[in-house]
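Below: the structure, in structure tokens.
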Amino acid sequence: MNTTQSDRWQVEVERRLSQGVELEFTQAQFARTVEAAPDDVGLKIFLDGLVGATSAERHEVYRCPMAPCARLLPAGMANTVCPFCQADFEQEGVTAEVEPVYRLVGEGSRDIRWLIVIHGMNSRAKWQEAFSWEIANRLSYSAPVLIYKYGWATIDVFARWLHDRLARRLGERMRIAIAEAQKSRLPDRPDIIAHSFGTLLLSRVLENPEFADLKFGRIITAASIVRPDFDWDRLIAQGRVEAVLNHVGGQDRAVPFAQYAIPGAGPGGKVGYLAASTLNVRAEEYGHSGFFLPENLGAAISRHGLWQAFLTRPLARFRPVGAFVAEADWRPAPLVVRMCTRTLAYGVFWVLAPFSWVRRKIDP
Ligand SMILES: [Zn+2]
């Protein structure tokens with residue numbers, strides 16, 4: 001056994017552990033992937049070494065010794081007669097073949113159960129259609145996807161009481177969806193992808209005691225306007241949320257201003273989340289809606305793309321490119337500044353509200 005060879009084997013072991021796939025295998029199966037001979041002595045020493053270092057476990061399976069059959073015999077059977085080819089081993093003068101099976105010690109991959117997508121400001125932009133299409137077609141799982149629409153929300157974002165109404169509606173819709181999922185025997189925890197204003201609405205639902213019964217799987221926030229100090233750690237510790245990926249655009253020009261215009265907002269999609277149990281990842285080139293450009297979205301949800309990987313892989317070893325830790329000294333802008341700018345925005349809201357109302361009537 002030379003080192004380059006065992007290095008290659010180790011790389012394959014790491015790949016399986018990080019993706020949580022093919023954790024269990026026989027030596028022959030492993031040999032096929034690394035292009036070694038099925039009975040390579042060096043490989044056996046390597047695999048047994050993993051067992052010795054407690055990073056793998058070994059158990060034995062029995063195989064029918066009759067060449068045309070050669071099937072694995074069910075565990076726990078007194079293997080004297082093959083249940084498949086009916087060969088009587090004693091009569092044939094053979095014994096069942098013993099084959100070691102290795103199992104890497106690690107968490108297996110996870111299925112995407114079903115998804116709720118919460119958009120940012122609603123618009124009839126083309127990307128929204130493209131988004132629905134891509135999500136439904138490019139995920140290599142056929143998980144049901146609910147795209148939540150909250151109608152026109154343009155000027156509404158400046159008024160807290162309108163947020164509360166939008167957030168309550170979102171919470172109620174999610175509760176109905178979860179009940180429907182349970183009826184169709186889907187797990188009751190959806191995974192979530194939220195963008196921009198959708199991230200703020202989601203955070204409102206999460207901190208509203210009225211919706212404390214709603215539990216979620218893994219959450220992706222893109223271009224988040226949630227405050228960096230939002231207490232995700234508590235939600236994760238309480239089991240309300242399984243894990244959080246915060247996808248930040250390095251060129252996002254909208255997120256930094258959110259706190260000056262939108263009550264309760266903050267630059268989570270710029271600074272990152274301070275909560276230690278969240279994962280912040282920066283895409284340097286992305287602007288505010290860069291996540292949904294067809295090529296970027298396609299990449300994110302492709303088989304080994306960031307979003308799909310986050311939703312399916314064991315997270316203990318998940319360290320994607322662009323991962324960063326938010327600086328702990330983040331403080332919101334001075335309250336007096338935020339009050340002034342928000343009052344201004346709120347004023348604009350009242351001036352423009354009638355137009356928004358008219359637009360809603362014309363184009364609901
Ligand atoms: Zn058999």
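Of the residues making up region 320-351, those that are among the basic types (K, R) and surrounded by 11 or more Cβ atoms within 10 Å (Cβ to Cβ) are R338, R342. Where helices (runs of 4 or more DSSP H) sit wholly within region 172-283, those with at least 1 residues that are under 15 Å from the mean Cα position of the chain (by Cα) occupy 232-237. Filtering region 206-222 to residues that are among the aliphatic types (A, V, I, L, M) and out of contact with any strand residue (DSSP E or B) (no Cβ under 6 Å at 6 or more places or on another chain) leaves L206, A212, L214. Scanning region 1-59 for residues that are more than 22 Å from R110 (Cα to Cα) and in contact with an Asp or Glu (Cβ under 7 Å, 6 or more places away or on another chain) yields T26, A31, T33, V34, V51. Taking residues in region 321-341 that are under 16 Å from F230 (Cβ atoms), and partners anywhere that are surrounded by 11 or more Cβ atoms within 10 Å (Cβ to Cβ) and among the acidic types (D, E), the pairs with Cβ atoms closer than 7 Å and at least 6 places apart or on different chains are W330/D229.
Of all residues in region 253-272, those being buried (at least 20 other Cβ atoms within 10 Å of the Cβ), more than 19 Å from L166 (Cβ to Cβ) and out of contact with any helix residue (DSSP H, G or I) (no Cβ under 6 Å at 6 or more places or on another chain) number 2.
With the checklist (1) closer than 21 Å to A309 by Cα; (2) open to solvent by 30 Å² or more (accessible area, probe 1.4 Å) in hand, flag the one item D233 doesn't pass. Unmet for D233, out of (1) closer than 21 Å to A309 by Cα; (2) open to solvent by 30 Å² or more (accessible area, probe 1.4 Å): (1). Taking (1) out of contact with any Lys or Arg (no Cβ under 8 Å at 6 or more places or on another chain); (2) within 17 Å of T26 (Cβ to Cβ); (3) more than 16 Å from the ligand (Cβ to nearest atom) in turn, G52 satisfies each apart from (2).
The values are calculated or read from the model by the stated rules, or taken from the named source; none is laboratory data. Given the structure is predicted, the values throughout are model-derived calculations rather than measurements. Note that we place each Cβ from the backbone using ideal geometry, even for glycine, and neighbour counts take in every protein chain shown. Each accessible area value is taken on the protein alone, full model and side chains, heavy atoms only, with ligands, DNA and RNA left out. Shrake-Rupley method; radii C 1.70, N 1.55, O 1.52, S 1.80 Å.
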